[in-house]
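The structure appears right after this line, and notes come after that.
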Amino acid sequence: MKTRILIIILLTIVIKGAGAQALKLSTASLSDENHCTIIYASDGANSLAGNNEDWTNPFPIIWFQPAKDGKFGYMGFGLQSGWPKMEDYQWEGAVNEKGLFYDYATTEEVKVPRDPNKSDCWWLSGKIIEECSTVDEAIQVFSEYNFKDGVWKGHYMIGDRFGNSAIIEPHGVIRREHSYQIATNFLLSRTDPETSNDPRYRLASRLFEQADTISLDLFRRILADTHMETYNGSSVTIYSYIHDLAKGDVYIYNFHDYDRVVKLNIHDELKKGKHTVLISSLFPDENFAAETYRATYVVTMMLRKALQNGVTGEDGAIAFLKAMDAPESNPARYCLGEEYLIAGGNTLIQYNKLNEAIEMYNYVLEEYPQSSDAYKGLGDAYMKVGNKDLAIENYVKSLELNPNNESAKKMLKQLQE
């Protein structure tokens, strides 16, 4: 109970602290800022690849696609494009059954003129995962096609189980020169790592240089030392992984908790057929930070829906919440408790969205008919719209359910004087 109360306190602080910016609920409310640290290393005997996925959406998934129609089987990491509905996947990285891996990190935008002698391909990363088994084959594929609409907003790290890796940039390929290779959020062809404003690259380089061997422990330490913990709406390390590309083993870490790991094997998983796994579901006892961040994110999304589309209707906040809570229909399923919904209603009142707040509290009462706080919230909303009778009625109901609700007592006394 103390933990749940503390979560609500933190949520209230986060939501109240959003101020006028949250009222607009532009994309700034869920920052587009992102980071990511991608690493690869090989000593001939071991070929490992790792990644810290730094983002805002706390519902990442893994999907497994067995081989078919001459295409290789693979496991992909990313999001649902139509979140919270199950639609197409938004790829962040992948590894196939042949031990070819890639991941992607954002950089400055670069426009590349279309080559009329090349075909266009909007899905080069997926193409190499389905069709290639080596870095050389993947590089060849990239060289044969125009990339999307010619606008690059990042670069790719690719690696294979044979000890090869490369970074594919808009205007070229940077092959590995040391036992390791690193990609963060600047183009190596344009920026010297020593002069970049990204200390993660330099830190990872130093740790690789100081290491005697390439090992899982080394990779775990590098990912732990370069992860992000910015909880103010910008990117956080949502998950991390390490691939043993020869064995097909994948070590997964949830929400930058490097003390707990879940090990999967791509070959074993592909035998189960096509399926999808929510990464957080692999860790049933999430830490407090992960639970709090996820709840904050969902409340923010709920408020965005409420302020942009209203509370009711197929695109409103209630439809969003029901989609999130739909049993078995959504790997990003997340059940918001009474307190989170109350926090959303209270925030709507702060923004003077009084009709929306009333709808939200009524929804809470549908789900939690004994909610003293929901009746108290209705009292607050009706008082602000000038309906004294309904305000009194709801404060009375709140006190009937919880005679110790001091806030309801105070408001009721003011109205009855």
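No value in this document is a laboratory result; all are computed from the given coordinates. All of these numbers come straight from a predicted model, not from anything done at the bench. Neighbour counts run over all protein chains shown; Cβ positions are idealised from the backbone, glycine included.
Could you grab the relative contact order for region 224-379? Cα pairs under 8 Å, six or more apart, rounded to a whole percent. Don't jump to the answer; show the numbers that get you there.
Numbers: 169 pairs, mean separation 18.4, N = 156.
Normalised by residue count, the contact order of region 224-379 is 12 percent.
Per DSSP H run of at least 4 residues, take -39500 (n - 2.57); add these up for the chain, divide by its residues and hand me the 222 nm value, nearest 500 deg cm²/dmol.
Working: 14 runs with 163 residues, N = 417.
About -12000 deg cm²/dmol.
Could you tell me the relative contact order of region 189-295? Use alpha-carbon pairs under 8 Å, at least six residues apart, and round to a whole percent.
Numbers: 91 pairs, mean separation 15.7, N = 107.
Over region 189-295, the number comes to 15 percent.
Report, to the nearest 10°, how far helix 216-225 tilts away from the longest principal axis of the Cα atoms in the chain, using its own Cα long axis and a range of 0 to 90°.
50
Hey, how many Å between the Cα centroid of region 109-141 and the Cα centroid of region 295-320?
Cα centroid to Cα centroid, the span is 38 Å.
Does region 126-278 come out rounded, prolate or oblate, given a ≥ b ≥ c as the square roots of the eigenvalues of its C-alpha gyration tensor, rounded meaning a/c under 1.5 and, failing that, prolate meaning a/b above b/c? Each step should come with its number before you reach the end.
Numbers: a/c = 1.36, a/b = 1.03, b/c = 1.33.
Rounded.
With contacts defined as alpha carbon pairs under 8 Å and 6 or more residues apart, what's the relative contact order of region 32-285 in percent?
On the way: 552 pairs, mean separation 70.1, N = 254.
Relative CO of region 32-285 lands at 28 percent.
Can you pull the one-decimal nm distance between simple spin-label points at T195 and E406, each 7 Å off the Cα toward Cβ?
Calculated label separation equals 6.1 nm.
Could you list D325, D217 so that the one with the fewest beta carbons within 10 Å of its beta carbon is first and the one with the most is last? Can you show the working numbers first?
Numbers: D325 15, D217 10.
Ordered from fewest to most neighbouring Cβ atoms within 10 Å, D325, D217 come out as D217, D325.
Which of the lysines could a cross-linker span from K409 if the Cα-Cα distance has to be under 23 Å and same-chain partners fewer than 8 positions apart are dropped?
Partners within reach: K376, K384, K388, K397.
In whole Hz and in residue order, list the ³J(HN,Hα) couplings for region 199-209 that follow from phi through the Karplus curve 6.51 cos²θ - 1.76 cosθ + 1.60, θ = phi - 60°; x for Gly and Pro.
x, 4, 4, 5, 5, 4, 4, 5, 5, 5, 5
Residue-wise, which Karplus ³J(HN,Hα) couplings in Hz belong to region 367-378, taking 6.51 cos²θ - 1.76 cosθ + 1.60, θ = phi - 60°, and x for glycine or proline?
7, 10, x, 9, 7, 4, 5, 5, 5, 5, x, 4
Straight-line reach from K71: which lysines have Cα under 24 Å away, leaving out those fewer than 8 places along the same chain?
Of all the lysines, those that pass the test against K71 - Cα under 24 Å, at least 8 places apart if same chain - are K98, K118, K127, K148, K247, K271, K272, K274.
If you average the C-alpha positions of region 148-176 and of region 343-375 separately, how far apart do those two centres end up, in angstrom?
Cα centroid of region 148-176 versus Cα centroid of region 343-375: 50 Å apart.
Among S215, S205, S407, which one shows the biggest mean-square fluctuation in a GNM of the chain, springs joining Cα atoms closer than 10 Å?
Between S215, S205, S407, it is S407 that shows the largest mean-square fluctuation.
Ranking L412, L282, L100 by Cβ neighbours within 10 Å, fewest first, what do you get? Write down the numbers at each step before the final one.
Numbers: L412 20, L282 15, L100 28.
Going from least to most buried by this count: L282, L412, L100.
If you look at just the Cα atoms of region 106-215, how large are its Rg and its Dmax in Å?
Taking only Cα atoms of region 106-215, I get Rg and Dmax of 15.1, 48 Å.
Using the per-residue mean of other Cβ atoms lying within 10 Å as a proxy for protection, in what order, highest first, do the peptides 257-263, 177-183 fall? Could the numbers behind the result be given before it?
Working: 257-263: 13.7, 177-183: 19.4.
Ranking, from highest mean packing down: 177-183, 257-263.
Apply 1/(1 + (r/R0)^6) to the Cβ-Cβ distance of N287 and V112, taking R0 = 56 Å, and write down the FRET efficiency to the nearest 0.05. Walk me through the numbers on the way to the answer.
On the way: r = 42 Å, r/R0 = 0.75.
So, using R0 = 56 Å, E works out to roughly 0.85.
Could you go through region 40-55 in sequence order and give the Karplus-derived ³J(HN,Hα) for each residue, using 6.51 cos²θ - 1.76 cosθ + 1.60 with θ = phi - 60°, rounded to whole Hz, and x for Gly and Pro?
9, 7, 8, 10, x, 8, 10, 10, 10, 9, x, 7, 9, 8, 9, 7
Let me know the shape class of region 225-381, please: from the alpha-carbon gyration tensor, a ≥ b ≥ c as square roots of the eigenvalues, rounded when a/c is under 1.5, otherwise prolate if a/b is greater than b/c, or oblate.
On the way: a/c = 2.85, a/b = 2.12, b/c = 1.34.
Prolate shape, in that a/c is at least 1.5 and a/b is the bigger ratio.
Looking at region 159-205, which trypsin sites (Lys or Arg not before Pro) are in a loop (DSSP not H, G, I, E or B) and have at most 10 other Cβ atoms within 10 Å?
Values: sites: R161, R175, R176, R190, R200, R202; in loops: R161, R176, R190.
Filter output for region 159-205: empty list.
How would you order 346-358, 117-129 from highest to lowest mean count of nearby Cβ atoms within 10 Å? Mind showing how you got there, number by number?
Details: 346-358: 19.8, 117-129: 16.1.
So the order, starting with the most tightly packed, is 346-358, 117-129.
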